[in-house]
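Accompanying notes for the structure given below.
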Amino acid sequence: KNLLCFGPPPKGNSVVKRLVRGAILRITADLSGGTPLESIKCRVTATSESPIVAIRNIFHQDGWTGFWAGTPSRMVEGALMGSCFVLGSSFANTWVTAIGGGPATAAFFGGIVGGTAQAA
């Protein structure tokens, strides 16, 4: 097989399903724990507060909803990044497997390509 031409990507509906799946997974991760941790991290980074003090201050200022401040923008960002990660990862995984790579090799390169696509 020609290693420079991996063949055509999956057609039509498969690509859309991967994009949607990546978006849903990333949004779920952000809503379940990513956004509150991000709020605490930003507070600690921007001020001289310790993590415990930041948690206490966020709660006293805005209640529990304060931990999810910025959720709409995080959902848009998460949907785009999650889609890119899953699409890149699944394509790399499929292509490495097609050229004879084992499951561990395919997963390794899938992670690299997915992470690079997400970061770009």
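The values are calculated or read from the model by the stated rules, or taken from the named source; none is laboratory data. For clarity, every value in this text was computed on a predicted model and none was experimentally measured. For neighbour counting, all protein chains shown are included, and Cβ atoms are generated from backbone atoms with ideal geometry for every residue, glycine included. Protein only, heavy atoms only, side chains kept; ligands, DNA and RNA dropped before computing areas. Shrake-Rupley method; radii C 1.70, N 1.55, O 1.52, S 1.80 Å.
Quick check on my filter: what residues within the range 61-73 are at pLDDT 85 or above and either open to solvent by 30 Å² or more (accessible area, probe 1.4 Å) or within 18 Å of Val44 (Cα to Cα) (or both)?
From the range 61-73, those at pLDDT 85 or above are 61-69, 71-73; that's our starting set.
If the condition is that a residue be at pLDDT 85 or above and either open to solvent by 30 Å² or more (accessible area, probe 1.4 Å) or within 18 Å of Val44 (Cα to Cα) (or both), then Gln61, Asp62, Gly63, Trp64, Thr65, Gly66, Phe67, Trp68, Ala69, Pro72, Ser73 are the ones that fit.
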Test: residue in the range 55-66 that is touching a helix residue (DSSP H, G or I) at 6+ places or on another chain (Cβ under 7 Å), of a type in the set (Phe, Trp, Tyr) and farther than 24 Å from Gly22 by Cβ: yes
When residues of the range 1-60 are limited to those that are under 18 Å from Leu87 (Cα atoms) and among the polar types (S, T, N, Q), the one modelled with the lowest pLDDT: Asn13
Filtered residue count, the range 22-60, keeping only those that are under 25 Å from the mean Cα position of the chain (by Cα) and hydroxyl-bearing (Ser, Thr, Tyr): 5
Selection status of Ala98, at pLDDT 90 or above and small (Gly, Ala, Ser): no
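Results for (1) modelled with pLDDT of 90 or more; (2) open to solvent by 40 Å² or more (accessible area, probe 1.4 Å), shown as yes or no for each residue.
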{"site": "Met75", "(1), (2)": "no, yes"}
{"site": "Met81", "(1), (2)": "no, yes"}
{"site": "Phe85", "(1), (2)": "no, yes"}
{"site": "Ser89", "(1), (2)": "no, no"}
{"site": "Thr105", "(1), (2)": "yes, yes"}
{"site": "Val113", "(1), (2)": "yes, yes"}
{"site": "Ala119", "(1), (2)": "no, yes"}
Single condition Thr97 does not satisfy, out of (1) in contact with a Pro (Cβ under 8 Å, 6 or more places away or on another chain); (2) surrounded by fewer than 16 Cβ atoms within 10 Å (Cβ to Cβ); (3) not aromatic (Phe, Trp, Tyr): (2)
Where a residue in the range 39-59 is within 15 Å of Gly70 (Cβ to Cβ) and its partner, wherever it lies, is open to solvent by 60 Å² or more (accessible area, probe 1.4 Å) and in a helix (DSSP H, G or I), with Cβ under 8 Å and at least six apart: Ser39/Trp68; Ile40/Pro51; Ile40/Ile55
